[in-house]
There are 2 protein chains.
Amino acid sequence: MAKERANPPFDVRKLSIAMHGSRKSLLLKEKFMAEISRDPAFYLADIYDLSKDQIRERTMEKFASLVHYVTTEPLDVFNYRMQLISTVDPGFWTRFGVHFGLFLGAIRSGASPAQFNYWIDKGVIGLNGVIGCFGMTELAHGSNVAGVETTATFDEKTDEFVIHTPHLGATKWWIGGAASTATHCAVFAQLIVKGKRHGVKTFIVQLRDVKTFQLRPGINIGDIGKKMGRDGIDNGYIQFTYVRVPRAHMLMKHTQVSREGIVVDPPLAQLTYGALLSGRIAMVADSSNTAKKALTIALRYAVVRRQFSAGKNQLETQLIDYPIHQRRLIPYMAQAIAIGFTSLILTKMYNVRLYHALEGWLYLTLSNFLQELTEAMETLEPGDPNLKDVLAKLKETHSTSAGLKAFCTWACLETIDKCRQSCGGHGYSAYSGLPNMYADFAVQCTWEGDNTILSLQSGRALISSWADAKKGKTLAPGVAYMSEKSNVNAKSSGKLDLQDIDQAWACVATNVVRKAAEDFAGHIAKGSSKDEAMEKCSQSRFIAAKLHTIGYIFRMFRRACDEQEEGPEKQLLSDICRLYGLWQIEEQGASFLKYAYFNAQQMDAVQAEVDGLCASLRNVVIPVVDAFALSDHVVNSPLGRYDGDVYTAYFNHVCAANPPNKEHPYFERLIKPLLERKPLDEEDVDAAMGFSEELAEMEKERKAKK
Amino acid sequence: MAKERANPPFDVRKLSIAMHGSRKSLLLKEKFMAEISRDPAFYLADIYDLSKDQIRERTMEKFASLVHYVTTEPLDVFNYRMQLISTVDPGFWTRFGVHFGLFLGAIRSGASPAQFNYWIDKGVIGLNGVIGCFGMTELAHGSNVAGVETTATFDEKTDEFVIHTPHLGATKWWIGGAASTATHCAVFAQLIVKGKRHGVKTFIVQLRDVKTFQLRPGINIGDIGKKMGRDGIDNGYIQFTYVRVPRAHMLMKHTQVSREGIVVDPPLAQLTYGALLSGRIAMVADSSNTAKKALTIALRYAVVRRQFSAGKNQLETQLIDYPIHQRRLIPYMAQAIAIGFTSLILTKMYNVRLYHALEGWLYLTLSNFLQELTEAMETLEPGDPNLKDVLAKLKETHSTSAGLKAFCTWACLETIDKCRQSCGGHGYSAYSGLPNMYADFAVQCTWEGDNTILSLQSGRALISSWADAKKGKTLAPGVAYMSEKSNVNAKSSGKLDLQDIDQAWACVATNVVRKAAEDFAGHIAKGSSKDEAMEKCSQSRFIAAKLHTIGYIFRMFRRACDEQEEGPEKQLLSDICRLYGLWQIEEQGASFLKYAYFNAQQMDAVQAEVDGLCASLRNVVIPVVDAFALSDHVVNSPLGRYDGDVYTAYFNHVCAANPPNKEHPYFERLIKPLLERKPLDEEDVDAAMGFSEELAEMEKERKAKK
């Protein structure tokens, strides 16, 4: 390991600062890591052996230490702290986030000013008095919020809403914090007034008595139990049986219900783009951070582990020296870095504040960028030419972030599994940290919009951008490449530099978008409705979204490289960026060949370049991983130790986690009878039949003959 | 669900028989399923909530019910039973298999006849007296058996071997059954006689007293604890500190050590192809069966689950009616069926008997096919032209099975995850069955040869077949396509039938193999050694193996279709086979375009055909899944229930698994203090400092100004 760290051709600290966006960010992260490594609530050595119930309790213990920071730390600092927490303990991050992100977010976006003050006074900010959960999804309804079936019927006689679960499928399901933490719930339900349905609104319903934690009348709550991962969060189900809440408990910033049962709808449908955008960018950052954690383990192990020797009596070869092992990991390292820079740029670009104690973290906060657009929308008259511009920008941002959420979380999940497999058998040990990381992360591909559905949304927007481009309209920056003259050819020879690769992606992404648009138009021409045609061109839409997104990530990474100061770090990052772009050209080779951007010989050259880049980057994998700046406590895997003393640490960890039993738990009951057992008794048929001696003799003879 | 089953355009039973190879196989499987569903040891409803220790004990309970069948059931029947068990409880399958497959296999392949009889008399067959484990892998050594570092030093004075673990890295690791089941171990160790090393041999070492289960002197065993999956098997570590065993405990069928310490090596290195082959084919079968189990869940759920409606007041659309959802699942259904038929044909072709109580199940048994080849090898003189033929066949079988093991297990693992994601949030619930299935199955990509390494082995053999083809030699059947005139072109128009698709795969597979061979030759030309050149062309080798293997699976499936009786079942299977072949052409599109087998327009046509096949097969997904013939007990997922009553079953399962707590486990300790807490006391600085009244006044003013 010392050899791997000797004389890196760049300054590891400088590289680390570049990857963290600033020196300040890096120092802050190091401070957080030091704090939690000393905080007994964040003791991690035993977590792979805890039961679901133990993990739940452990998670709850962490609340106390974090609540202090919520109320005292500047918002951007606390946000950054939560980003680290998400890498360290995704289950806890979720449990804590449900209250501050989802519940508080719902109140902030839905409550009138008076209502908002009421809940703040109740203690929502400091968790003193209220712990909230977010009651949106139902057993039979996930993404389709408009379809939830819980009802909130206005009772004019008593000035109350009656919250009710009409049937099993309408049971609130997956509600984080409901099983054993929350006192209140923001319930999404169909508003019914005077027998008429007015759509889904939000109602604050108290679930439990704050003093005794007893369930309130009419509330039935259960634990939904074991999940693939994130057992630290207590997801539950909730059924309401005619539960009455005061009219004031409906959040009335937008739609209002008067004492007389008059329903006043807001003039404009509300925008929720902001909410989605910041959540998605957080997931892009998390994808990079989690992938870096997995790669720290796999790459450090790959330099320590040796297998097969080149010659007799030679030391066995380090795994990382095999070209195929470089291929298994180094491109994923490049991808994790690419996604990391993408998230840094997005955060800056949209001025996303992922956390705000009053605004709600994760779920809400319109960024300045979006605030501007939203205000513009509200002030511009219909027909104003600027309005369309604004709408186009909003749409592009929305669609690009949908694609990024999908493809970055998938990329991270794949990275974790590749890392696990690259560690061979030891990757299958829970103590490697990789199995849990996979299980915890997997849900990111499903929640806040299933990845496939988000990809299609992105594809749908791309089709419409393409139509705009054809009409000669100016496109939003994220898709502007489509209106450039894209049917250019690749350089016929010579090394492909970042500019060439960028051009290749722009051209091919344009072509796959065009293909999707043509498929769509083709179905329309054959008589499909617009919706049907969209469904029928799903596969092309999906491919369009994928290529667009990868090209976008590459472009962001390239921009980050351009912005670096001259020096060896910039050179290194440019090499890593080239690797990312070229490797993805290989991965998406069918499209590059199909649209004849590259021919077969050029694709062979790309393959050779990827091989070459992997071989040259092999020499710096350890310094690069060091620059990820994840402490041993955070990585929590003996295979990924900074000092490379893998086997000793692994052995000690296994021994500590599995102390010998004083007594064998089931030797006497199960093993001993097996070891000492005789063949099953055959019944003595003769005796049972009461054969005469003569008959018995005959029988014996017959048997002997057989 | 009833609607989905109404009037299928084929006979479900006939289809099921076809997919199971024979009516007898299907009936047998149904008998096994009925038996285990009534066997209390196979109670499955609570398994997703058991702790590792509980699962271990549960697994051990199953031994007793299975041991009966080992000794009484015909071998092929028992083998088939084990195939089902592997789908139902992979952890138990492994734990049971370690003794019969690995330990007994080691004795059978390594023991002299007298030694063999000795161990049989000890009770190895019926587990009465001996439970064995298999001590091959070490902490620092996995695949490279020749590199194990445990030593077995012959002590001439006492006529014993001294088994010793010289350092931590040589600790036997991952040893299944060692932690709490085995009494004996087949230990792989370096034989040292008179100071000289003679390579790795096998020694039977007793670990525990059979009566008391106490560890024998010098033996240190520990549990290696929590794993990603298969917690039913108790993997452990073993350290030997100068443990003495009689000379007779070295298995001496091949190498022998005399009383005087003379080492006699066998004239020929032993072939272990047979062992590997049958293990690999078992894993191909398991890949198909497990994928079918996952698809049963995902496809049944996809017809029950509805999301978003096409119009107002319309019932929401079934997931499976979305073209993208068809794309997410139906091609994987085709793949699982393709792999299933491949395993049926292989089993027949090589007459593999996967289990034989005396020969050892899973691990050993030379098939008739290989027996013939092996015998031929031993009788033919060097130089005999037939010898080369025999060797070529052996090599091809070996390499094809390596590729099949790798790509089929990967395909299954991917299928499970795709199925899980397609179930949305509920796929993340442990009770869906899919998270555990993934975790259990994942190890198949690593054990018995890491998939990437096996792929490269296959690629290496393909390069050498290509060289043979260029020299005009006759190739073994599995690679014969390479010597056919492969640079033919695709049909320029019209529907691609099975013959066309087969030709496409043969041509493109030939081309990628040629590319790998050229890369290899190129590196040789540039001065690399043969080994270096092989490493340097790894990526091309990998691609060659992948395309070869997929083409092989397609060919087997096509053959199975050809062998069916005429009728609607044959038609259906041919459609499914077309889907598999075309979908994989899309997936590997880069190669098909690169070698100009298809052009861009033809690839678009392939995409459209895949869309069309998915749409038409959508109507039969439920009957096809029914033909997989997996009982609700085996599937063990409320989402995958035969009757489609998904939500009720899921709710009931969750409630049963998570009964309400009588008392909240940590309300008083953790939640109440949070809810009732006041802001942290600020110290009364003034009082603490003992300020005079005057000073205190000034201080107050200063504060007020701030």
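Key figures
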item: The stretch A:108-142: number of residues that are part of a helix (DSSP H, G or I) and under 25 Å from residue A:222 (Cβ atoms); result: 0
item: Residues of the stretch B:423-437 satisfying the condition of being within 8 Å of chain A (Cβ to nearest Cβ) and not in a helix (DSSP H, G or I); result: B:429
item: Residue match in the stretch A:472-491 (condition: surrounded by 17 or more Cβ atoms within 10 Å (Cβ to Cβ), at pLDDT below 95 and aromatic (Phe, Trp, Tyr)); result: yes
item: Residues that are of a type in the set (A, V, I, L, M, F, W, C) and surrounded by 15 or more Cβ atoms within 10 Å (Cβ to Cβ), drawn from the stretch A:2-31; result: A:10, A:12, A:15, A:17, A:18, A:19, A:26, A:28
item: Residues being part of a loop (DSSP other than H, G, I, E, B), surrounded by 17 or more Cβ atoms within 10 Å (Cβ to Cβ) and within 11 Å of chain A (Cβ to nearest Cβ) - total across the stretch B:150-176; result: 1
item: Residue check for residue B:103: aromatic (Phe, Trp, Tyr), touching a strand residue (DSSP E or B) at 6+ places or on another chain (Cβ under 7 Å) and away from chain A (no Cβ under 14 Å); result: yes
item: Every pair of residues 6+ apart whose Cβ atoms lie under 6 Å, when the first sits in the stretch B:654-669 and is within 7 Å of chain A (Cβ to nearest Cβ) while the second is among the small types (Gly, Ala, Ser) and in a loop (DSSP other than H, G, I, E, B); result: B:654/A:225; B:657/A:225; B:658/A:225
item: Search result, residues across the stretch A:4-33 that are in contact (Cβ under 8 Å) with a residue 24 or more places away in the chain, assigned to a helix (DSSP H, G or I) and under 27 Å from the mean Cα position of the chain (by Cα); result: A:15, A:16, A:18, A:19, A:20, A:25, A:26, A:28, A:29, A:30, A:32, A:33
item: Checklist (1) more than 26 Å from residue B:575 (Cα to Cα); (2) touching a residue at least 24 places away in the same chain (Cβ under 8 Å); (3) crowded, with 18+ Cβ neighbours inside 10 Å applied to residue B:446, failing item; result: (2)
item: Residues being modelled with pLDDT of 85 or more and assigned to a helix (DSSP H, G or I) - total across the stretch A:650-687; result: 18
item: Subset of the stretch A:17-49 [among the aromatic types (Phe, Trp, Tyr) and within 14 Å of chain B (Cβ to nearest Cβ)]; result: A:48
item: Of all residues in the stretch B:583-600 being within 9 Å of another protein chain (Cβ to nearest Cβ) and either part of a loop (DSSP other than H, G, I, E, B) or touching an Asp or Glu at 6+ places or on another chain (Cβ under 7 Å) (or both), the one that is modelled with the highest pLDDT; result: B:588
item: Total residues in the stretch A:177-224, condition hydrophobic (A, V, I, L, M, F, W, C), closer than 23 Å to residue B:658 by Cα and at the interface with chain B (Cβ under 9 Å from one of its Cβ atoms); result: 4
item: Count - residues of the stretch A:622-659 that are surrounded by 16 or more Cβ atoms within 10 Å (Cβ to Cβ), closer than 17 Å to residue B:235 by Cα and polar (S, T, N, Q); result: 1
item: Answer residue from the stretch B:404-422, given it is touching a Lys or Arg at 6+ places or on another chain (Cβ under 9 Å) and surrounded by fewer than 24 Cβ atoms within 10 Å (Cβ to Cβ) and is farthest from the other protein chains (Cβ to nearest Cβ) among those; result: B:418
item: Lone unmet requirement of (1) within 14 Å of chain B (Cβ to nearest Cβ); (2) at pLDDT 95 or above for residue A:341; result: (1)
item: Count of the stretch B:544-590 residues which are under 27 Å from the mean Cα position of the chain (by Cα) and within 30 Å of residue A:324 (Cβ to Cβ); result: 24
item: Qualifying residues in the stretch B:61-84 (those that are in a helix (DSSP H, G or I) and free of Cβ contacts under 8 Å to residues at least 24 places away in the same chain) - the one farthest from residue B:250 (Cα to Cα); result: B:61
item: Residue in the stretch A:631-650 that is under 30 Å from residue A:48 (Cβ atoms), facing chain B (nearest Cβ under 10 Å) and among the β-branched types (Val, Ile, Thr) present; result: yes
item: Per-region count, the stretch A:454-475, residues assigned to a helix (DSSP H, G or I) and either away from chain B (no Cβ under 14 Å) or over 29 Å from the mean Cα position of the chain (by Cα) (or both); result: 10
item: Pair list, Cβ < 6 Å and 6+ apart or interchain, from the stretch B:320-338 residues that are under 25 Å from residue A:532 (Cα atoms) and touching a residue at least 60 places away in the same chain (Cβ under 8 Å) to residues that are part of a helix (DSSP H, G or I) and hydroxyl-bearing (Ser, Thr, Tyr); result: B:323/A:538; B:328/B:422; B:329/B:422; B:332/B:415
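The values are calculated or read from the model by the stated rules, or taken from the named source; none is laboratory data. None of the values given here were measured: they were computed from a predicted structure. Methodologically, a virtual Cβ is constructed for each residue, glycine included, from the backbone with ideal geometry; neighbour enumeration extends over all protein chains shown.
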